[in-house]
Amino acid sequence: MKPAPFDYFDPTTVEETLGLLGEFGDEAKLLAGGQSLLPMLNLRLARPSKLVDINGVTALAHLGTDGDDLLIGALTRQRTLEDADLPDGAWSVLPRALHHVGHVHIRNRGTVGGSIAHADPAAELPAASCALGARMVIRGPSGEREVPAEAFFRGYFTTAVGPDELLTAIRVPPWPTRSGAAFVEVARRHGDFAQVGVAAAVAIGDEGEVRRAGIAVAGVATEPVIAVAVVDGLVGQQPAAALVEQLAAEFAAGLTPPADLHGTAEYRRQLVRHLLPRAVDQSVRAALT
Amino acid sequence: MGVKMVGARVKRIEDPRLLRGEGAFVDDIHLPGVVHMAVLRSPHAHARVHSVEVAAALTVPGVLDAFSAADLGPDPAAIPVLFPAETSKATHQYPLARDTVRYVGEGVAVVIAKSRAIAEDACELVDVDYEVLPAVVDAVAAIAPGATALHPDAPDNVGATLVYAVGDADAAFAAADRVVGERLDMQRYTGIPLETRGVAAQRDPVTGEMTIWASNQWPHILRGIVAGMLGLAERSVRVITPDVGGGFGCKAEVYPEDVLVPFATARLGRPVKWIEDRNEHFLSLVHSREQTHFVELAFAADGTITGLRAKLITDIGAYQRTLAVINSSLAGSSLAGLYDIPNIHVDVVCAATNKSPASPYRGAGAPEACFARERLIDIAARELGVDRAELRRRNLVRPEQMPFDTGLASVEAAVILDSGDFPAALDQALAMVDYPAFAEKQEAARAEGRLIGLGICVYHQTSGTGPFEGASVRVDPSGQVTVNAGSAPQGQGTGTMLAQIVADELQIDHETVKCVFGDTGRIAFGIGTFASRNAVMAGTSVQMASIKVRDKALQLAGHLLEVDTADLEFVDGAFQVKGSTHARRTLTELAAAAAPGGSRPPGMEPDLESVQYFESTAAPYSFGIHIAEVEVDPDTGQTAVTRYAVVNDAGVIVNPLAAEGQIAGGVAQGLGGALMEELVYDADGQPQATTFLDYIVPGSMDVPTLEIQHMTSPSPLNPLGMKGMGEGGAIGGHTAVANAVADAIEHLGVRVTRTPLKPSTVWELIRTSPGW
Amino acid sequence: MDATRSITVTVNDTRYERTVSVRTSLADFLRHDIGLTGTHVGCEHGVCGACTLLLDGEPVRSCLMLAVQADGHELTTVEGLAGSQDELHPIQQAFWENHGLQCGFCTPGILMTTYDFLRREHAPTACAIREALAGNICRCTGYENIVRAVQAADQGWER
């Protein structure tokens, strides 16, 4: 399984990268961590004639706060984000999700931006970013723009990033102080892609009611599905188990998940019914401690 | 030298170099000037091949050659079937597809280039004119009237049929008090070793001999067949099996690439290497296990089994190659297991389908037979209202009936259970898990909404497959002991095992014995390492050779010391006059004295060496009881194996550490079969599981730690009393775990009749059950 | 024709300058250009772990990196574990004593994963060990002796 031939470029700046993308358009593929792209190259499922390796664009490898936001450079290694000393509120959905991403070997190379731009329907970080209400920072020939996560994932391995554009960072807005998060998943084996994964972030108000919530599910559609109806049903309410289970069941019933050799569509709905309440429950507990 | 080595738990001589990364697997072998082969494989499950044009491929820079079946000669040889049944039809595979392709992955053309990457580039330019035909993907449908015919010689898609009968099954069923029957299906899966296959070949510039390195389990057989197919004299072909990264029976085959690589080497005049990639591996490694069982048991009122009837349909895939009917034969002839069933009738049909060809994988028919029988016994126990352990105990062959001749024989050997106390083994295993307490534990768990289950599997396996194996033992004039054997191990620790046997016979340090395997150039005849035959066949051969060497040394010592051999004793690796430490000759001295030109008794040939072949077709049967405990999550269908106990009887075990390693590895593979592994095909014959993302093998978090106890009933069939046992884990693991899952959920009114029991499958069973 | 690049890589403290095809994987480069065949290729899609080595001290899948991406970096492979030809690293010794390998094909990848894990963790539970090894497939051993070997290595390796 050897890749089809390609020309190799390793720019060191964003400008250089955009120049190459502008020149090559659809012929080019960006290589960041390579943990998703290299298997596809090896299997010849992807056959770009130009490979643009951006691991040298060090300006994209930053992780820190920007005002009240968490700003994650696209080239931040998944391991770096996993081990970062993030406050334990909503933002913790990111390291919690990363715990399920492959194994340390994968996370040492895989990048946050790479996983998000690749947009595998069963991947964890896209769902986590949707739950947080993150905003994707995209740079192109006409400048920089931000796209909210809920509009960023457009379908099967498809995002808002155009062929001549680059995802440069992920901006995560602040959440209220009493917030917590969880990521729960069922996979065939630990580290495998999620059959279903649920990312949840919850902020609890003074009366114990849900003040704000973000819930997104991986593995049930061609992109992460934000559980809008569940969120709407929870905000302002006490997060009682019966309520959450009912909302989860209604939400699951409305899904048309794929069937494959790993499981039936109804099984995936069942995993949503099973996992979503757990994700919410764990988030609430985290928020209250 | 007082410690007996046979039976000792010593660490392996093989390990240091493997730990250092100094193993030499076939892709590690550097051949200067080597070029690389890629195979263009059919994307269709069934199609006529009207033409294959390689011209465009030859234009790619770096490509040296490209060819198809037309270039193999006007009448190329097909891969032979080694154990044909009388009813076997000619559904052979040729090294490259001729006018028809019959499975996705079948080789259609070959490209040789300076790198594998370039060869793959060029394969894409080979132009093949396919006419796609309907695919047959279900074995039961394949042999039904109206199915598309896959082979001119087998228009009904029946590749072979076998019948195993003893007593009068129909009469027993007519007179039965109760009959319990079911259709039970085992899925298609296989060994998937971590090292894929690979073949490299080079012509020796001095001798003109073609040397072939292949990741395989039987170099002598491979040499004989490949030489024959290429029209070469056997003496001009040498096959070397290097380090092999797992075989599990799947590398005991003659594959098309085994022929294509030496063919390309001869054609090009350059060394050629082909390393199978993982994607190809899922398509072209032998598949196994897929079998449908229509099976029924006849019971007397007291729960005694009076008859067994079955129709087995084996999905053998597109072609019959070397070991084509073995799985079917071993399954059919041993379906009764260790139970005393006087009336048996088993019909086996080998059905052709458009899937990769099937052949033995660890267990070779026994996992299938076990699943059908042990699952049905559990089902029967539930229907008869008898405890499942008690039902087994009532029907096991008793020790006073041993040796027990079942009256049946597979294509390999008669099924005569040679040694063992089966009821005692069952009781020992049940005691290990405190079986009587489980029912209450299960009730308490159910009250909490938890689903736990316990599964029993009583299995046996044939071992020591004949007809022979060979080993030479030589003490060279410097005193170094070297063993050459026909074995071709893939991680079993054969080198250490044989060294332990030699050490006992020659009273030397086992770590000084050098074993060299898998080389047709070093021993004239050999069979190989598969079918749990290594300990029995190579072990006995090496013991025979060691004894001959010792006897020769004794004669020589008597000659040199000028005493009667009756006055000599063998102490600390030297012969000495009894009671005297002065008149003494070490093996080293005797080996030096045995060199030509020295003083030997009249008629004695030089050299302190012996080559011995243990010839035997009687198969010892090892057996065991496996008990698994599981917990099934009713919300996700996931199964955790919480406990696993084994009672294993392999007679005399040379290295218990290695034997337990075989059990543990086998159980992991069996567990994989019960819960996760499957080679899925869609309705068009397109394989769906062609990477590790879709073919799920157990990882470190999926397999429990085993509790193992040994029973030892020495086999009377070889001097050391050994019984091969490497396959038992895979046989017992699949059914013990499947039976445990069934025990966890069948109270809900469902029945487990097929594997794998993936989470989704289990959940669907639970949620559609009447009792949930 | 294959595009090529010149790269400089340090492997087990030895510097190598080579010209490689840009599409050659790091695993293939080490095995065939440098001749260090201890790192094995089991799947080329990043699942089996046989190709695991250390890149700048961190475990990675060498089948999922291009050789050109290792330019200027430091690699440690299984051949770099033991101090010399006459000794074994304590981890290797522990695997030897506990029958932690059978065919040996997965072993280099498991050793490198274990090396990284035990550097970070002390006295790990069997459960933690199994989780750490979940990214390395073994088909021969059923894992339990590997777990014992890692436990023994934890005891025997002074770090």
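The values are calculated or read from the model by the stated rules, or taken from the named source; none is laboratory data. Being a predicted model, the structure only gives us computed values, none of them experimental. Heads up, the Cβs are rebuilt from the backbone with ideal geometry, glycines too, and the neighbour counts pull from every protein chain shown.
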### Query
Which members of segment B:678-695 meet the condition of being within 11 Å of chain C (Cβ to nearest Cβ) and buried (at least 24 other Cβ atoms within 10 Å of the Cβ)?
B:TYR695
### Query
Does B:LEU679 fit the bill of being under 27 Å from B:ALA141 (Cα atoms) and out of contact with any Asp or Glu (no Cβ under 7 Å at 6 or more places or on another chain)?
yes
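Return yes or no: is B:ALA233 aliphatic (A, V, I, L, M) and within 25 Å of the chain's Cα centre (by Cα)?
Working: aliphatic (A, V, I, L, M): yes; within 25 Å of the chain's Cα centre (by Cα): no.
In short, no.
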### Task
Within segment B:127-185, track down each residue that is part of a loop (DSSP other than H, G, I, E, B) and of a type in the set (D, E, K, R).
B:ASP138, B:ASP153, B:ASP156, B:ASP168, B:ASP177
### Summary
Note on A:HIS118: of the conditions (1) more than 14 Å from chain C (Cβ to nearest Cβ); (2) under 10 Å from the mean Cα position of the chain (by Cα), unmet is (1)
### Task
Check B:GLY673 against each of (1) surrounded by 22 or more Cβ atoms within 10 Å (Cβ to Cβ); (2) assigned to a loop (DSSP other than H, G, I, E, B) and name the one condition it does not meet.
(2)
### Query
Considering only segment A:66-106, how many residues are touching a Gly at 6+ places or on another chain (Cβ under 9 Å), crowded, with 19+ Cβ neighbours inside 10 Å and not aliphatic (A, V, I, L, M)?
11
### Task
Residue by residue through segment A:245-281, note down the ones that are more than 25 Å from B:MET676 (Cα to Cα) and touching an Asp or Glu at 6+ places or on another chain (Cβ under 6 Å).
A:PRO277
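Yes/no matrix, rows are residues, columns are (1) touching a residue at least 12 places away in the same chain (Cβ under 8 Å); (2) of a type in the set (Ser, Thr, Tyr):
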position	(1), (2)
A:ALA194	yes, no
A:ALA201	yes, no
A:GLY208	yes, no
A:VAL220	yes, no
A:ILE226	yes, no
A:LEU243	no, no
A:THR264	no, yes
A:VAL280	yes, no
A:ALA287	yes, no
### Query
How about segment B:557-656: which strands (runs of 3 or more DSSP E) wholly inside it have at least 1 residues that are closer than 30 Å to B:CYS457 by Cα and within 14 Å of another protein chain (Cβ to nearest Cβ)?
B:621-632, B:639-649
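Residue-wise test of (1) within 17 Å of B:GLN93 (Cβ to Cβ); (2) modelled with pLDDT of 95 or more; (3) not in a loop (DSSP other than H, G, I, E, B).
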| position | (1), (2), (3) |
| --- | --- |
| B:THR306 | no, yes, yes |
| B:LEU323 | yes, yes, no |
| B:SER328 | no, yes, yes |
| B:ALA331 | no, yes, yes |
| B:ILE344 | no, yes, yes |
| B:CYS350 | yes, yes, yes |
| B:LYS355 | yes, yes, no |
### Query
Do you know which residues across segment B:615-631 are surrounded by 24 or more Cβ atoms within 10 Å (Cβ to Cβ) and farther than 18 Å from B:PHE422 by Cα?
B:ALA628, B:GLU629, B:VAL630
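From the list B:VAL349, B:VAL415, exactly one residue is in the same structural domain as B:MET711 (by TED's automatic domain parsing), among the β-branched types (Val, Ile, Thr) and over 21 Å from the mean Cα position of the chain (by Cα). Which is it?
Within the list B:VAL349, B:VAL415, the selection yields B:VAL349.
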### Task
Could you please give the count of residues in segment B:238-256 that are over 22 Å from C:ARG139 (Cα atoms) and either within 14 Å of chain C (Cβ to nearest Cβ) or surrounded by fewer than 24 Cβ atoms within 10 Å (Cβ to Cβ) (or both)?
3
### Query
Based on what the data block shows, is B:ARG362 of a type in the set (Lys, Arg) and under 30 Å from B:TYR94 (Cα atoms)?
yes
### Message
Between a residue in segment B:115-143 that is more than 12 Å from chain A (Cβ to nearest Cβ) and any residue that is surrounded by 23 or more Cβ atoms within 10 Å (Cβ to Cβ) and among the basic types (Lys, Arg), which pairs come within a Cβ distance under 7 Å, given they are 6 or more apart or on different chains?
### Response
B:VAL137/B:LYS355
#### Entry: Selection count, segment B:624-658, where residues are touching a Gly at 6+ places or on another chain (Cβ under 9 Å) and farther than 18 Å from B:LEU671 by Cα
11
#### Entry: The listed residue being under 23 Å from A:ALA200 (Cα atoms), assigned to a strand (DSSP E or B) and either within 14 Å of chain C (Cβ to nearest Cβ) or hydroxyl-bearing (Ser, Thr, Tyr) (or both), out of A:THR65, A:THR80
A:THR65
### Query
Which condition breaks for B:GLN688 when tested against (1) touching a Phe, Trp or Tyr at 6+ places or on another chain (Cβ under 7 Å); (2) over 16 Å from B:GLY733 (Cβ atoms); (3) touching a residue at least 24 places away in the same chain (Cβ under 8 Å)?
(3)
### Query
Being assigned by TED's automatic domain parsing to the domain that holds B:PHE525, assigned to a strand (DSSP E or B) and surrounded by fewer than 18 Cβ atoms within 10 Å (Cβ to Cβ), is that true of even one residue in segment B:547-556?
no
### Task
Answer yes if at least one residue in segment B:207-219 is free of Cβ contacts under 8 Å to residues at least 24 places away in the same chain, more than 30 Å from B:SER463 (Cβ to Cβ) and surrounded by fewer than 21 Cβ atoms within 10 Å (Cβ to Cβ), and no otherwise.
yes
### Task
Could you list all residues from segment B:442-473 that are over 30 Å from B:GLY365 (Cβ atoms) and either in contact with a strand residue (DSSP E or B) (Cβ under 6 Å, 6 or more places away or on another chain) or crowded, with 18+ Cβ neighbours inside 10 Å (or both)?
B:GLN442, B:ALA445, B:LEU451, B:ILE452, B:SER472, B:VAL473
### Task
Give the residue that is nearest to A:PRO48 (Cα to Cα), with candidates limited to residues of segment A:2-20 that are within 14 Å of chain B (Cβ to nearest Cβ) and part of a loop (DSSP other than H, G, I, E, B).
A:PHE6
### Query
Right, C:GLN151: over 23 Å from B:GLY491 (Cα atoms), more than 14 Å from chain A (Cβ to nearest Cβ) and assigned to a helix (DSSP H, G or I) or not?
no
### Message
Take the conditions more than 29 Å from B:ASN534 (Cβ to Cβ), out of contact with any helix residue (DSSP H, G or I) (no Cβ under 8 Å at 6 or more places or on another chain) and surrounded by fewer than 21 Cβ atoms within 10 Å (Cβ to Cβ) and apply them to B:ASP635. Does it pass?
### Response
no
### Query
Restricting the search to segment B:105-114, which residues are part of a strand (DSSP E or B) and either within 14 Å of chain A (Cβ to nearest Cβ) or of a type in the set (Val, Ile, Thr) (or both)?
B:VAL108, B:VAL110, B:VAL111, B:ILE112, B:ALA113
### Conditions (1) more than 19 Å from C:HIS32 (Cα to Cα); (2) buried (at least 22 other Cβ atoms within 10 Å of the Cβ): number failed by C:PHE105
(1)
### Task
Of the numbered conditions (1) closer than 28 Å to C:LEU55 by Cα; (2) part of a helix (DSSP H, G or I), A:VAL101 fails exactly one; give the number of that condition.
(2)
